[in-house]
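Working notes, beginning with the structure itself.
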Amino acid sequence: MTTANLPQSTAAFSLDQDAREALFTAARSAIAFDGREVDADMVTRAWDLAKFGPTSNNTQPLRLVVARSEAARAAVIEAAMPLNRPKLEQAPLLLVAAHDDRFHDHHETWAPGMPAVFDRFESNPEMRASLAHSGAMLQLGYLIVALRAEGLALRPYGGFDKAALDASLMPEGWGSEVILGVGWPASGDDRSGERRGRIPAGLGIREL
Ligand SMILES: Cc1cc2nc3c(=O)[nH]c(=O)nc-3n(C[C@H](O)[C@H](O)[C@H](O)COP(=O)(O)O)c2cc1C
């Protein structure tokens, strides 16, 4: 992976080039891993970083199922689209990122002393569902970067039957969003293939 022509920040507090590569420019959506198991405390550490990313009103609707047991792992793989199954089987650890339909039950944590927020979300299930989904996806982005910051590699998977996985594995009130196949980076080819193009700043940013 070439890093030539990447912008170099001059800010004293910015992450150095190695960190930028580990989090973004050299990190791939990996299929192959080195086979070592991923300890539970690695996932907890990544969670404890990702939880600080901003969310709407600090609502934090992301939840995570760690499919550690054989039965839980099998349920995740069974819900996946057939093309994704052999890829998921190669990941030492499967996580399911989900949203909590009742994230407002925890308002004393995320908005202490503001009981009115509970009523606002309780009385508007449509708005709540929309925020649960968008907030969980936003936090998933933080989690992906946090897992990489812990030295792990991963591939996200949206190709699976959400209703089936919700029925077979999800705790009450949690709705599955994205599966993550997680492991330690492979020493050689991570089987993610040639990296596909990225939208350049000239196309993606408009300064008005
Ligand atoms: C929300 C989401 C859903 C995805 N779904 C799938 C999937 O079902 N199967 C798959 O093989 N890859 C899936 N991917 C992986 C993307 O194809 C991959 O991240 C993208 O091509 C960039 O690859 P790179 O990180 O190696 O550059 C998904 C990624 C995201 C973020």
Out of 62, 208, 22 - ranked by how far each Cα lies towards the positive end of the dipole of the chain, with unit charges on the beta-carbon of charged residues - the top one is 208
When the chain is treated as a Gaussian network with springs between alpha carbons less than 10 Å apart, the largest mean-square fluctuation among 80, 163, 22 is found at 163
For the chain, dividing by residue count, accessible area per residue (probe 1.4 Å) in Å² works out to 58 Å²
For the range 24-122, averaging the sequence separation of alpha carbon pairs under 8 Å that lie six or more residues apart and dividing by its residue count, the contact order in percent is 34 percent
Calc'd 3J(HN,Hα), the range 175-181, phi into Karplus 6.51 cos²θ - 1.76 cosθ + 1.60 (θ = phi - 60°), Hz, glycine/Pro = x, comes to x, 5, 10, 8, 8, 10, x
Hydrodynamic calc, the range 40-165: Kirkwood Rh from Cα pairs, then Stokes-Einstein at 4 °C with viscosity 1.567 mPa s, so D in µm² s⁻¹ is 82 µm²/s
Listed by chain and number, the residues whose amide H is under 5 Å from that of residue 90, excluding neighbours fewer than 5 places away on the same chain and using placed H, are none
Asserting the computed 222 nm helical MRE of the chain (DSSP H runs at least 4 long, -39500 (n - 2.57) per run, divided by residue count, to nearest 500) equals -10000 deg cm²/dmol
If every Lys and Arg gets +1 and every Asp and Glu gets -1 at its Cβ, then about the Cα centre the chain yields a dipole, in debye to the nearest 20, of 600 debye
In the range 22-95, the chymotrypsin sites (Phe, Trp or Tyr not before Pro) that sit in a DSSP loop and have at most 12 other Cβ atoms within 10 Å of their own Cβ are 52
Residues meeting the amide H criterion for residue 51 (H placed from the backbone, H to H distance under 5 Å, 5 or more places apart or on another chain) are none
Residues other than residue 160 with Cβ under 11 Å of its Cβ, Lys/Arg counted +1 and Asp/Glu -1, net out at -2
For the range 1-160, the percent of accessible surface on carbon and sulfur atoms (probe 1.4 angstrom, ligands and nucleic acids excluded) is 57 percent
Spelling it out for residue 177: with amide H atoms placed in the peptide plane at 1.01 Å from N, the residues 5 or more places away or on another chain with amide H under 5 Å from its amide H are 97, 98, 99
Sequence order, the range 190-197: Karplus ³J(HN,Hα) from phi using 6.51 cos²θ - 1.76 cosθ + 1.60, θ = phi - 60°, Hz rounded, Gly and Pro as x, gives 8, 6, 8, x, 5, 5, 7, x
With x for Gly and Pro, the residue-by-residue ³J(HN,Hα) of the range 74-89, computed from phi through the Karplus equation 6.51 cos²θ - 1.76 cosθ + 1.60 at θ = phi - 60° and given in whole Hz, is 5, 5, 5, 5, 5, 6, 6, 4, x, 5, 7, 4, x, 6, 5, 4
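The values are calculated or read from the model by the stated rules, or taken from the named source; none is laboratory data. From a predicted model like this one, the values you see are computed outputs, not experimental measurements. Reconstructed Cβ throughout: ideal geometry from the backbone, glycine too, with neighbour counts over all protein chains shown. For the accessible areas, the whole protein counts, side chains as well, though only heavy atoms, and no ligand, DNA or RNA atoms are used. Shrake-Rupley method; radii C 1.70, N 1.55, O 1.52, S 1.80 Å.
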